[in-house]
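A.B. asks: Shown below is the structure under consideration.
Every read-out reported here was derived from the displayed coordinates using simple, explicitly stated rules and does not represent laboratory data. Bear in mind that the values here come from a model prediction, so they are computed numbers and not experimental data. In this analysis, Cβ positions are derived from the backbone assuming ideal geometry, glycine residues included, and neighbour counts consider all displayed protein chains.
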Amino acid sequence: MKGFFCKRGVFIRLLALFLILSMLSVPACVQSPGAVGSETVGGDTAAVSEQNAVPTEEQTEEQTEAPVNSVKIRPVGDVVYPYTDNVRAYLEAGDGADVGDFYNGSADQHSDVTIEWDFDGPDKPQSYIFEYSQNEDFSDGVSVALAKATFRRRMTNLRKSAKYYVRVTAVYENGTASDTVSFETTSLGPRVLNAGGYYNNARDMGGYVTEDGHTVLQDMAFRGSAPDNCIDQNSITLNTTGRKFFNEEVKIKTQIDLRTASENCGRTTPAFESADNYVLISLVSYQGAFYKECAGLYRQFFRIFADENNYPIYFHCAGGADRTGTAAAILLALLGVKREEIIQDFEITSFSRVGIRSKASIIPILDDLSQFNGATLSEKTENYLLSIGLTRKEIYNIKAIMLGLDPDGFTEEKTYELDSRDFRYSTASGGNIVLTLLDEVDIDKVSVAEKEMQFTQSGKKITVSEQSLKSIGKGSHKGSVVTKDGKTLIFNIIVDELDITEDFNVIYRAGGEAGPTYYTYIYMTFPYRIFDGIEYHFHSRPEEFPQVESNILLNGVSLKELNKLSMSAYKFSESPGNSVQRHQVPVTILCQNHTVTLLIHTGWLADYFKGADLTVTIKKEFEFDNKGVHYYITRDKIYENTHKAFKEVTEAE
């Protein structure tokens, strides 16, 4: 019973407390109409109302808002330039820029685009997700997980003239935060690549807008240096990025090796893991593209590009400069890329380990292509390819594949071109010459040196009479064939008697520093060439090239006599190389392919001739052979090479 009363007392006390609290709460619960938020409410009532009213949405957000995590990508600019500052300065200098003025001795062309970001907020990121795509919705994009301490990511081998979207997402315990930016890669210059290799000289052939408004597709054809170091066929010098790019991203299918069998370490299989085809085609660079004897090599090279099953293609020589540069220039010309951009693509090699390659080396190729018939450089290049044996269908296929044209859009057309455009005629030997048309068309007129020739036509054969040819006189002449439907076909002819006695002088102006290692190169190129093999032969011994040393004079003294003089006062521990160190003569003769080069020690000769200008004289036209190459020395053109560029030396008055 006692326990019962204790519990009953507790109950009574709790009930009393409840009644008291209920009475105290009545004023706060009873409000006159319009009291909350009303401008007419008195001060006391209003104060009570504000303290006890239901909070608004804005007030709720203010009371509950917590610090927010955020990612902010730092600005990269609307347009980015994925190459080095020197390359950019050269390209921005435009047509006519001297690449030697921008070369600084480095071996870099490519520069990655670096994306940096900052994170702000109370939560610590556990990781980041870095994404980029050419689609705004990030479909078909690349996604990479990064460590929590990472605040930058490099983007490499981006496509030319392309818009990219970049998103960085911070991942933390209770959520994510992200930021997105976009930029475009420049349309200026070629798409240079970060691929490594000994010479570090790779780039995409695509991305250019052609003269007729098409765009060369990217990731289809690449030019570069050798992907191996020629120590053994299993040694690959591409860096990790280059291997991933070529093997996993673009997946090279065909490797075209333009080296000789003695240069490629006996390789018979591709250096690329993704490639199925390896083709060795020992091209001859520069004017070698126009040798009849080399037509088969260039025909084989371009036929590979006519088959879509061979793409993507990587073609290279050793350094990716001369043989590769020649083939690349012809390919770009065919596709309709502007002349100045073809030159830029060639000169970009100067920013690799290969060294300076100036426009003077590639301009003669473009000039030779321009000699073919056609309204544009692309049409002229088509006719060049026809002249070496490609079909119109093969040429169309190359353009359709590389430009994204209709593969079934080919229509057959008649070809207006000669199968050969270079002829030599000796008045001493006499006889007719025969021009051969690629397709049979009716001929109205044949002219040489603006004189109309007598001729007969039989199908594709045009025979020009001996009597007409002997009337035009010696020298290098332009010829033309006019068809009855108004087309004009151009050819070149050298008429000579092999008894020229007029001297032809080239003057090297004295000046500049003269010293024991100060050299000048005089390059001589000839319009008539016969080629049977590849040779690169330094020589200066009179018994090897007596014709050269007897018929070329420096200030009236034959090379033969000059090279008998002693140069013992000079040291040969530096450039230009072992051959000069070995021979130690004032003038070294270099015969390479179609070119005869005089390496003149102008330091020694400046002393010998007491500072006078150097005059190079060719006494007469002559011929000689070296290792299967036939050289025909004409008085046509002679070039002087400085450290900046080739400069044509004018004929002395």
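A.B. asks: If you put +1 on each Lys and Arg Cβ and -1 on each Asp and Glu Cβ, how big is the dipole of the range 430-502 around its Cα centre, in Debye rounded to 20?
C.D. replies: Around 160 debye, computed over the range 430-502.
A.B. asks: Would you please give the residues with an amide H less than 5 Å from that of residue 178, counting only those at least 5 places away or on a separate chain, with H modeled from the backbone geometry?
C.D. replies: 71, 170
A.B. asks: In terms of the Cα gyration tensor, with a ≥ b ≥ c the square roots of its eigenvalues, is the range 106-175 rounded because a/c is under 1.5, prolate because a/b exceeds b/c, or oblate?
C.D. replies: The shape class here is oblate.
A.B. asks: With r as the distance between the Cβ atoms of residue 367 and residue 428 and R0 = 25 Å, compute the FRET efficiency 1/(1 + (r/R0)^6) and round to 0.05.
C.D. replies: Result of the calculation: an efficiency of 0.25.
A.B. asks: Taking the simple approach of a point 7 Å from Cα along Cα-to-Cβ for both residue 393 and residue 375, what is their distance in nm?
C.D. replies: 2.6
A.B. asks: Next question, about the same structure. Tell me, what ³J(HN,Hα) does each residue in the range 445-454 have, in order and in whole Hz, if you take phi through Karplus 6.51 cos²θ - 1.76 cosθ + 1.60 with θ = phi - 60° and put x for Gly and Pro?
C.D. replies: Those phi angles translate into 7, 10, 10, 9, 6, 6, 10, 6, 9, 7 Hz.
A.B. asks: Residue 162 to residue 620: extension gain in nm, 0.36 nm per residue of separation minus the Cα-Cα distance?
C.D. replies: Going from the current span to full extension adds 159.2 nm.
A.B. asks: In the range 348-504, if the dipole is taken from +1 on Lys/Arg beta carbons and -1 on Asp/Glu beta carbons about the Cα centre, which of 395, 475, 453 is farthest to the positive end?
C.D. replies: 395
A.B. asks: Placing unit charges on C-beta atoms (Lys and Arg positive, Asp and Glu negative, everything else neutral), compute the dipole magnitude of the range 105-155 about its Cα centre in debye, rounded to 20.
C.D. replies: Dipole of the range 105-155, to the nearest 20 debye: 300 debye.
A.B. asks: Report relative contact order for the range 361-462 in percent, whole number only (criteria: Cα-Cα under 8 Å, sequence separation at least 6).
C.D. replies: The value is 18 percent.
A.B. asks: What's the magnitude of the charge dipole for the range 332-486 around its Cα centre, counting Lys and Arg as +1 and Asp and Glu as -1 at the beta-carbon? Answer in Debye, nearest 20.
C.D. replies: That gives a dipole near 660 debye.
A.B. asks: Rounded, prolate or oblate: which one fits the range 267-394, using the alpha carbon gyration tensor with axes a ≥ b ≥ c (rounded when a/c is under 1.5, else prolate when a/b beats b/c, else oblate)?
C.D. replies: Because a/c hits 1.5 or more and a/b fails to exceed b/c, the range 267-394 counts as oblate.
A.B. asks: If you stretched the chain out fully between residue 152 and residue 278, how much longer would it get, using 0.36 nm times the residue separation minus the C-alpha to C-alpha distance?
C.D. replies: Going from the current span to full extension adds 41.5 nm.
A.B. asks: Label-point separation (nm) for residue 248 and residue 120, each offset 7 Å from Cα along Cα-to-Cβ?
C.D. replies: Once both label points are built, they end up 3.6 nm from each other.
A.B. asks: Can you work out the Karplus-derived ³J(HN,Hα) for every residue in the range 457-462? Use 6.51 cos²θ - 1.76 cosθ + 1.60 with θ = phi - 60°, whole Hz, and x for glycine or proline.
C.D. replies: 10, 9, x, 7, 8, 10
A.B. asks: Same structure, new question: Quick one: 3J(HN,Hα) in Hz for the range 466-481, Karplus 6.51/-1.76/1.60 with θ = phi - 60°, rounded, Gly and Pro as x.
C.D. replies: In residue order, the calculated couplings are 4, 4, 5, 5, 6, 8, 8, x, 6, x, 8, 10, 8, x, 9, 10 Hz.
A.B. asks: Under the rule of at least 5 residues apart or a separate chain, name every residue whose amide H is placed under 5 Å from the amide H of residue 80.
C.D. replies: 184, 185, 186
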